[in-house]
Structures are given as structure tokens and as C-alpha cells.
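Heads up, the thing below is written out as C-alpha cells.
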Amino acid sequence: MNLKKIITTLSFLILLSCGYESIYSNKQINNNYNLSINTINYTGNNKVSHILKNKIKKNLNNEKKSTGLNLNLNSRLEKVVTSKDKKGNPIRYSIEIIINLEVFESGISKGKTNFEEKFEYNNKSNKFDLKQYEENIKDNLIARLSDEIIRYLYSLK
């Protein structure tokens, strides 16, 4: 019994001193990466693009530099009925967000890529709940996409 307490206490102390730090902490971003964004131009779905722009700017260095990156975002949101019942009423939906990203530095193309996130869900009888659920899904998909875009931008440097 006494040995069990000692092992538990030692394990707890070792885990406390592991030095965990979040991936996108400002300290880590400023020390490890010299990445800044001058402009973000977006086309396509305005809501998706606007939320992405805010999330990207929030997680990256805000200093304006002459050699900063310029981003062109083209977003598309697709909501599709994936299955219907015998009467033709929708049973399942699918939401897909597609982002085409072009990165420029000093007018020179640094990269061009596409990001996609998709989610399928069941229909709900209450349309208000369905609409709120869809908004929640969109927010989660956009959050995942912004994380992927930030990782991609860090990989370019």
C-alpha cells in the first residue's frame, strides 16, 4: 500500500514537470517563426472567408513587415442531401467547405493548395435546432481548416 502511494506521487511529480506548452502560444510563435501577413483577400462564401480571416490573423504574428505574406482565399460551402426516405424527405445531409489558398511573398507565388473538410449528419424534425446544429458544424469545420492553413503557412517558412 505504501509503495503504491510513492509510485503515484512520483508519477504525478514527473507529469507536472513535463513542460507542456500549447502549439500556438504567442511565445512560441514569436520565437520560432518570423511569419507575418500583410493582406488577406477573400472571395466566395463571405461568412466562411471572414471567419477564416479572423482566426488566421488571431493566431499569427500581427507585426507588419515588408516581406510579409499576402493570401488569396477562395471559399466554397456546399450543403447536399445525401439520402432521402421513400416520400422524398431528406434523412441525411452533408456539409463540405472547400478553401483554395494562394500564398504570395513580394509578388512571387510561394504556394497554392486546397483544403477540404466534410461532415455528414442526420436531419432533425425541429428546423430551428437543425439550423443551429448546422451553424455549429460550420464553425467547427472552419476552426479545423484554419488550423490546417496555419500549419501550412508555417511549413512554407
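Worth a mention:
- FRET efficiency for the pair LYS79 and ASN38, taken as 1/(1 + (r/R0)^6) with r the Cβ-Cβ distance and R0 = 30 Å, rounds to 0.35.
- For segment 32-156, the Kirkwood estimate of hydrodynamic radius, built from reciprocal distances between every pair of different alpha carbons, is 15.9 Å.
- Couplings 3J(HN,Hα) of segment 118-132, computed from phi: 9, 8, 10, 8, 7, 6, 10, 6, 8, 5, 5, 4, 4, 5, 5 Hz, in residue order, whole Hz [Karplus 6.51 cos²θ - 1.76 cosθ + 1.60, θ = phi - 60°; x for Gly and Pro].
No lab work stands behind these numbers, since they all come straight from the coordinates. Here the structure is a predicted model, which is why all the values come from computation and not from measurement. As a convention, Cβ positions derive from the backbone with ideal geometry for all residues, glycine included, and neighbour counts pool all protein chains shown.
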